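S.K.: Encoded as structure tokens, here's the structure I'll be asking about.
Throughout, read-outs are computed from the coordinates displayed, never taken from laboratory work. Remember, it's a predicted structure, so these values are computed and weren't measured experimentally. Because the Cβ atoms are built from the backbone with ideal geometry, glycine has one as well, and the counts that use them run over all protein chains shown.
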Amino acid sequence: MAPKQKPLDFGDLKTGAFTRMAKEKGYGNDIQKFAKDIMKHKDKGKLPNDKRITPLMVKRANFVVNFGKKKS
């Protein structure tokens, strides 16, 4: 029998996913603008730069917009 392998540790793949997505789509570090653009164009299904909007992107954008309204 082969020895058992340790499971690979990928960390939390969801941490920073929306920020990575914003950078990949050309928004740099302007996360709020990316989220607002998604919410504004979600009915069309595409961003102004012709990138597709998925339902998961809409959920994440909604969270970012709502969380951005909170003051510390």
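S.K.: Where q = 0.24 Å⁻¹, what log10 of I(q)/I(0) comes from the Debye formula for region 19-68, counting one point per Cα?
M.R.: -0.84
S.K.: If you don't mind, another one. What FRET efficiency, computed as 1/(1 + (r/R0)^6) with R0 = 30 Å and r the Cβ-Cβ distance, is obtained for Asn62 and Gln5, rounded to the nearest 0.05? Can you show the working numbers first?
M.R.: Numbers: r = 39 Å, r/R0 = 1.31.
Between Asn62 and Gln5 the formula returns 0.15.
S.K.: Next question. Rank by packing, highest mean first: peptides 27-40, 56-69, with packing defined as the count of other Cβ atoms within 10 Å averaged across residues.
M.R.: 27-40, 56-69
S.K.: Distance from a point 7 Å along Cα→Cβ of Thr19 to each backbone N in region 53-72: keep the residues under 11 Å and list them by number.
M.R.: Counting only backbone N, you get no residues.
S.K.: A further question follows. Around Thr54, which amide H atoms from residues at least 5 apart in sequence, or from another chain, sit under 5 Å from its own amide H, with H modelled in the peptide plane?
M.R.: none
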